[in-house]
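Report on one structure; see the data block that follows.
The values are calculated or read from the model by the stated rules, or taken from the named source; none is laboratory data. Computed from a prediction, not measured in an experiment: that's the story for all the values here. For neighbour counting, all protein chains shown are included, and Cβ atoms are generated from backbone atoms with ideal geometry for every residue, glycine included. Surface areas here come from the heavy atoms of the whole protein model, side chains and all, with no ligands, DNA or RNA. Shrake-Rupley method; radii C 1.70, N 1.55, O 1.52, S 1.80 Å.
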There are 6 protein chains.
Amino acid sequence: MDKQRTAVYPGTFDPITNGHLDILRRACDLFDGVTVCIARNPSKEPMFRIDDRFAMISEALDEVGLDGRVQVETFDGLIVDYADSLGAIALIRGLRAVSDFEFEFQMALMNRHLNSRLHTVYLMPKDEHTYLSSSIVKNVARHGGDIRPFVPSGVARRLMAAYGHTLGE
Amino acid sequence: MDKQRTAVYPGTFDPITNGHLDILRRACDLFDGVTVCIARNPSKEPMFRIDDRFAMISEALDEVGLDGRVQVETFDGLIVDYADSLGAIALIRGLRAVSDFEFEFQMALMNRHLNSRLHTVYLMPKDEHTYLSSSIVKNVARHGGDIRPFVPSGVARRLMAAYGHTLGE
Amino acid sequence: MDKQRTAVYPGTFDPITNGHLDILRRACDLFDGVTVCIARNPSKEPMFRIDDRFAMISEALDEVGLDGRVQVETFDGLIVDYADSLGAIALIRGLRAVSDFEFEFQMALMNRHLNSRLHTVYLMPKDEHTYLSSSIVKNVARHGGDIRPFVPSGVARRLMAAYGHTLGE
Amino acid sequence: MDKQRTAVYPGTFDPITNGHLDILRRACDLFDGVTVCIARNPSKEPMFRIDDRFAMISEALDEVGLDGRVQVETFDGLIVDYADSLGAIALIRGLRAVSDFEFEFQMALMNRHLNSRLHTVYLMPKDEHTYLSSSIVKNVARHGGDIRPFVPSGVARRLMAAYGHTLGE
Amino acid sequence: MDKQRTAVYPGTFDPITNGHLDILRRACDLFDGVTVCIARNPSKEPMFRIDDRFAMISEALDEVGLDGRVQVETFDGLIVDYADSLGAIALIRGLRAVSDFEFEFQMALMNRHLNSRLHTVYLMPKDEHTYLSSSIVKNVARHGGDIRPFVPSGVARRLMAAYGHTLGE
Amino acid sequence: MDKQRTAVYPGTFDPITNGHLDILRRACDLFDGVTVCIARNPSKEPMFRIDDRFAMISEALDEVGLDGRVQVETFDGLIVDYADSLGAIALIRGLRAVSDFEFEFQMALMNRHLNSRLHTVYLMPKDEHTYLSSSIVKNVARHGGDIRPFVPSGVARRLMAAYGHTLGE
């Protein structure tokens, strides 16, 4: 009888990082339900296949104890349409740097033109995650750096394997 | 039995603009309750006294039909402590320009250090409000410009009166 | 006997948007003549061929009644040299976001080194066009969103066709 | 019979710098006439009185040979109204840094709401003037630094005198 | 016989924060000597008198074990002249946010015009100090917040005393 | 017996510009030794092969008289590890625009996580180099513009040759 307020958290998650998990944890405090929506065909070719990205998210949610509170789905097309089909009232975005901010602004205004019932809600990651991104993590992994402080353990293992490194012992 | 999720929307509101009202309307969609928290003693001397700022907000909420859903309070001290005393889980901020963004970031990180249970939630005003602020409205009013498209009618009347102008007929 | 002051408005126009048309309308108020200069070989591979980009611009100018006042040309090489060959004194640029601003600044300083007689003139689009770009429009069209509010009707038709969508009826 | 296209260049000019003169020179290439409009009562208390600011501009225009092509006026109220009374079609602004850009954007959008016939036109100063401002020049002069490379000679003399320094010989 | 390379670290230090100390520690790794230069008469009226700012810095250097490696001085006039009188080759600046960056850029270019032998060197504070500033710390202290994680213990004590608060027990 | 303080200056140098040389000259004033570290396999495919990039740097150092003071090396993997293997205490970066700043910030924080003994040191190029980059130079050269004011003579020759232009006589 009370209206359920739910949110979507869209992205490529190529792969999921601790910064994404931090945002998810906050979103769970604010909404009755949160759905991670993985873009099946992002404009830039992803490193990991859709089922690998899905698996890494599921494992990570399980690892941090968010598995009962967060759904994971994949989608194609416009996120505003997909959010609508789920009955979500909010679209969650993490906000990090100034250039992020501008791109986010542009997307938010366009999304509002496309669906005025869906509110874009920006959350801020922990300061130690402010400058963390999937790209920089892949870049460090590619050069053999230790990326375990930045991603869930399953992601670290797959990234190292993908680049032919073994986890330091 | 269902947890009530409430938010605070702090500011100086010197005076409230249509941009603030737009953010408030969105916040009402997202939370079970929203409290506008007017800073009694902001670091910069306000143009309007605290009771005038309070009255203009109350009139405006009534004018746009948000009066039953939004509380108005004044506060001194740290907003994180005041929010805590109200049991709020979120602090609402409107986000407009890059320079806003940096200041907001700094405040959000500091507020999180002070109270980690309170999430800062950024909402984006309508594009026509993106570059609207209390300062620019006062500046236009001071020079006799027509500020009625930017503020509630009661605010327009008081601003014009304060600067010795009469509303164009 | 009066000096004619003319301007060039260079770009890829892949495709032209309502934001471009808005800038063009303003440029026509400021100069005796304006030439849209389409880059034949931009560094990023365009979606539309040069003759399609040319046709969409011509149709759009006709549609908004600017066809008698704006020339359309294509060019290769440095825009400063092409502008010089046309006798233009100004290079028109639309200015939207902070990241635009920086790139524009870099180009303006370089163009000035290359031809100090040509002034770069920045105009600002209407606020509802501030966050509009060819890229975001293509992205929305690709996912089947309605892009008719953002582009001339001929562009909307071609974009939908290119992505295999039909205009909603 | 040909329409005269004129522009205003508003500011506090407290005092005029070589950066302002550089912008003026460019504006003279683009328009049939340019009027420097000095704000009599800017929101921040100026260092120089209005007649001193006027005199320094007149001397500087004479010094650089722009005196026949540029008018100087003072104004109160909204610049858009004053520009209208002069029949100007453009409002000239110099653009230097990102923070400038945001403030300018906000002003441009507000000015357009107030008078849609007046176009804001941004010009870019020479790169060596990019980070020059009246404030930084006053700050250097206050501490006894040599400000002659940054301002017209009459301004340098008055600034040094105001701060009790004598020009190095 | 080996050239001593020394640096100055100028500022208002009103008061010194853990962010300043972090920058100082890094500067000590890079140079043979570092001198903290406190501006006696900054353009904005400081909260603490010059001797209090000096004392808080000295105590803090002692507390973190940098007292043997860092000099503290006060200065008036241009920092480039004072640095020259000390034989310094570098001017140290901490860099935090985009708005900082622009102001710093402007100062660095002006300082280079004034003294081309002095290099401005930017260092980045720890991520947890990225958004820390003397102003925000004073603001929190004024409202009775706990500022002990952000400043040396002597500074915390004086700030709390100045605002009439006692340290929580 | 005095500790040698050395720095690395990493990059793709595709190709080296006068802006890079300006930064190098400043770094030589600040450190006992500087090593240019060319990334063998940057994430974006470079225009020039690694041995050509190496040769252009060596020629340029010779041309400006820095050849005795600067080493040139190539590296793969993480720059923090390579810097460590050379015993460097600092990583030199040139800082130009706001978008640079953000990327640099992200890299600096990540590099600090990876190796806390290496300090990232930002230097600012001459104002005329502020908006100079390898990309913009290649872009101008590609369109037949004169790039000789922006790069060492050997680089200009190779760039023109690569794009099938001959140096103007």
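Probe radius 1.4 Å, ligands and nucleic acids left out: can you give me the accessible area buried at the C-D interface, summed over both chains, in Å² to the nearest hundred?
Details: alone 9680 and 9660 Å², together 16490 Å².
What C and D bury together is about 2800 Å².
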- Note on the structure: Percent antiparallel among DSSP beta bridges confined to segment D:1-97, nearest 5, equals 0
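Filter D:Lys44/F:Lys126; F:Lys44/F:Lys126; D:Lys138/F:Lys126 down to the pairs with a C-alpha to C-alpha distance above 30 Å, please.
Cα-Cα > 30 Å for D:Lys44/F:Lys126; rest within.
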- Assuming R0 = 51 Å, can you tell me the calculated FRET efficiency for the pair F:Asp84 and E:Ser43, based on Cβ-Cβ distance, to the nearest 0.05? 0.75
- Residue mean of other protein chain beta carbons inside 10 Å, A:125-134: 5
- Once amide H atoms are built 1.01 Å from N in the peptide plane, which residues 5 or more positions from A:Ser133, or in another chain, come under 5 Å H to H? none
- Message: On a 1.4 Å probe surface of the protein chains, which of E:Lys126, F:Lys44 comes out largest in accessible area, and what is the full order?
- Response: F:Lys44, E:Lys126
- Summing +1 per Lys or Arg and -1 per Asp or Glu among the other residues with Cβ less than 15 Å from B:Glu63's Cβ gives +1
- Message: Residue by residue through A:87-94, how many Cβ atoms from other chains fall within 10 Å of the Cβ on average?
- Response: 1
- Name the long-range amide H neighbours of E:Tyr9: under 5 Å, sequence gap of 5 or more, or other chain; modelled H, no Pro or chain starts. E:Thr35, E:Val36, E:Cys37, E:Ile92
- chain B - mean residue ellipticity at 222 nm from DSSP helices (-39,500 (n - 2.57) per run, n ≥ 4, rounded to 500): -13000 deg cm²/dmol
- Query: In segment E:1-34, what trypsin sites (Lys or Arg not before Pro) fall in a loop by DSSP, with at most 12 other Cβ atoms inside 10 Å?
  - Reply: E:Lys3
- Message: Could you work out how much longer the chain between B:His165 and B:Ser153 gets when fully extended? Use 0.36 nm per residue separation minus the Cα distance between them, nm to one decimal.
- Response: 2.9 nm
- Task: Between copies, how far apart are the A:Asp51 label points? List them in nm, one decimal, shortest first, with each point 7 Å from Cα toward Cβ, please?
- Result: 4.6, 4.6, 7.1, 7.7, 8.7
- Heads up, I need the accessible area for D:Phe75: 1.4 angstrom probe, whole protein in place, Å², nearest 10. 20
- Query: Antiparallel DSSP bridges in the protein assembly as shown: what percent, to the nearest 5?
  - Reply: 5
- Query: For F:His165, which inter-copy label distances result when the label point lies 7 Å beyond Cα on the Cα-to-Cβ vector, reported in nm to one decimal and in ascending order?
  - Reply: 4.1, 4.1, 4.3, 5.3, 6.2
- Applying 1/(1 + (r/R0)^6) with R0 = 30 Å to the Cβ-Cβ distance of E:Asp32 and D:Asn139, what FRET efficiency is obtained, to the nearest 0.05? 0.50
- Item | Shielding by other protein chains, F:25-33, mean Cβ within 10 Å | 3
- Note on the structure: The set of residues whose placed amide H lies less than 5 Å from the amide H of F:His119, leaving out same-chain residues fewer than 5 positions away, is F:Ala90, F:Leu91
- Query: How big is the accessible area of E:Ser58 in square angstrom, nearest 10, if you roll a 1.4 angstrom probe over the protein chains?
  - Reply: 40
- Query: What is the magnitude of the charge dipole of segment C:6-157 about its Cα centre, with +1 placed on the Cβ of each Lys and Arg, -1 on the Cβ of each Asp and Glu, and no other charges, expressed in debye to the nearest 20?
  - Reply: 240
- Item | Calculated label separations, C:Gly65, copies of the chain, 7 Å along the beta-carbon direction, nm | 3.7, 4.4, 6.7, 6.7, 7.8
